[in-house]
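Peer 1: The following block contains the structure, expressed as structure tokens.
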Amino acid sequence: MKRLVFRTVIITAGLWAVTAFAQDRLTLKESAELILKNNEQVQIAAEAMTGAGLKINESKSLYWPQVSVGGAYTRMSLFGEIQIPYQGEMMTFKFGTPNNYSFRASVMEQAFNWGRTARTVDMSKAGLDLAQDGLLMAKHILSYQIVPLFYGTVFFREAIKVLDDNLKAFEKKLDIMDERYKAGLASSFETNLMRVQISTLQGQKLDFENSINKFRIAFNGLSGREEKAAFEPDAELVFEQADFNKDELISEALANRVEFQQVEHQLDLGRASLGLAKTGNKPTLTATFNYEFRNGFMPEMEKIKGNWTALLSISYPAFDGFRVSSQVAQAESNLKAVELRRTDLARTVVMEIESALSDIKTIEQKLVVEKTKIKQAEDTLRIAEERYENGLLSATDLVDAQNGLENARLNYLQLIYNYILSKYSLFRSCGRKI
């Protein structure tokens, strides 16, 4: 009974450990989403977008009348007065009072300003669009920063497996040479040579493990996780050849790249800025209404009375030292520069796609060559082991044959890793989401 309970506990614990391990493994998409959720750069871009949205509300406030309320107290030491005889007495009439009180409410509205307010709002809306583009760009850049960390971890783990296989092979050869050395059939140089190779591989393995550790630290830093949190990519380093059509990729990039959206929104901002500059020398019609409570009205100088005033004013800048014409020319120049940037961006995107396709094609050809080299290295090692056993080959040549196979396998893994990075570089150039 106790044995059955013990086995049940062991099985349950094993299943729990497997489940926990599976939950810790992250796909590339899950890793990217984790970074986008917690990274400070995304949060900063989101706050910038919030601020741009509030800027629109600020611009729209110009549509509303501006209301102000104020008050003042003035103490006067000198004011005019006159005395007039009336019914045998001298009457004094003051033209002021020592204590003056004033409470005023003013309402001012730009009845007509030649569309300045509308263009200011348009500029704010374009600013919000650009802030949204900035958020999308930050997310796009960050999501692709995970690719070399994610697949770099996978690559070094596969490379460590190659080193472990090579270590086992050298350890096996070392055991054989120790036996031959004891029998007087091998020299100490041969056994020491094997030990040197084992130490070299162990050092190389430590370097690979350190690279994995640095990738984990970098990922945790980007994703806002604890520095010691585990990073387990759920992927394999396998070669999956893809067929790409250049024209389709270019069309996809022109439709999806955030940079093209940014250019369009910069054009909107430039047009609104140009329209606003052109209104600089146009008239403005302003309506103002004031209502005031104050004293100082004759003949009851001390009594506070209510009164109102209404004002309709127009202003026209007859001459501004050519300021507006310079602003218009500057806005037109900025607009032309943005239009040229759109053309240059399209050319740059085409170059990026063509370059990535060239890299992919070259790596595919190298993979074919490297696969052949692995087969040749395996045959070379097999022949070298046979010749060494028959005393026809030195230990140095045997080590070279073993290392040749290791290098060929590592080179093949490196090419697969480069192929994956080139594919994702192509996807990034097309504006494709992970």
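Peer 1: From the set of residues in segment 182-199 that are crowded, with 16+ Cβ neighbours inside 10 Å, in a helix (DSSP H, G or I) and out of contact with any Leu (no Cβ under 7 Å at 6 or more places or on another chain), which is modelled with the lowest pLDDT?
Peer 2: Per the criteria, the residue is Glu190.
Peer 1: Among the residues of segment 374-418, which ones are of a type in the set (D, E, K, R) and surrounded by fewer than 19 Cβ atoms within 10 Å (Cβ to Cβ)?
Peer 2: Once the filter is applied, which keeps residues that are of a type in the set (D, E, K, R) and surrounded by fewer than 19 Cβ atoms within 10 Å (Cβ to Cβ), segment 374-418 yields Lys375, Glu378, Asp379, Arg382, Glu385, Glu386, Arg387, Glu389, Asp397, Asp400.
Peer 1: Considering only segment 68-83, how many residues are touching a strand residue (DSSP E or B) at 6+ places or on another chain (Cβ under 9 Å), modelled with pLDDT of 80 or more and loosely packed, with under 10 Cβ neighbours inside 10 Å?
Peer 2: Here the count works out to 3.
Peer 1: Here's something else I'd like to know. Could you list, in sequence order, all residues of segment 364-412 that are of a type outside the set (A, V, I, L, M, F, W, C) and outside any helix (DSSP H, G or I)?
Peer 2: Correct list: Asn390, Gly391, Ser394.
Peer 1: Go through segment 297-317 and report how many residues are surrounded by 12 or more Cβ atoms within 10 Å (Cβ to Cβ) and either touching a Lys or Arg at 6+ places or on another chain (Cβ under 9 Å) or without any contact (Cβ under 8 Å) to a residue 40 or more places away in the chain (or both).
Peer 2: Count: 4.
Peer 1: Out of everything in segment 419-434 that is part of a loop (DSSP other than H, G, I, E, B) and of a type in the set (Lys, Arg), what residue ends up being surrounded by the fewest Cβ atoms within 10 Å (Cβ to Cβ)?
Peer 2: For segment 419-434, the residue satisfying everything is Lys433.
Peer 1: Within segment 238-261, does at least one residue satisfy the condition of being in a helix (DSSP H, G or I), aromatic (Phe, Trp, Tyr) and at pLDDT 90 or above?
Peer 2: So far as segment 238-261 goes, yes, one or more of its residues are in a helix (DSSP H, G or I), aromatic (Phe, Trp, Tyr) and at pLDDT 90 or above.
Peer 1: Right, here's the next one. If you scan segment 391-434, which residues turn out to be at positive phi and in contact (Cβ under 8 Å) with a residue 40 or more places away in the chain?
Peer 2: The one that is at positive phi and in contact (Cβ under 8 Å) with a residue 40 or more places away in the chain: Gly431.
Peer 1: For the subset of segment 308-343 comprising residues that are touching a strand residue (DSSP E or B) at 6+ places or on another chain (Cβ under 9 Å) and of a type in the set (A, V, I, L, M, F, W, C), which member is farthest from Gly275 (Cα to Cα)?
Peer 2: Applying the filter and picking the extreme gives Trp308.
The values are calculated or read from the model by the stated rules, or taken from the named source; none is laboratory data. Model, not experiment: these values are computed from the prediction. A quick note on method: Cβ atoms are made from the backbone with ideal geometry, for glycine too, and the neighbour counts reach across all protein chains shown.
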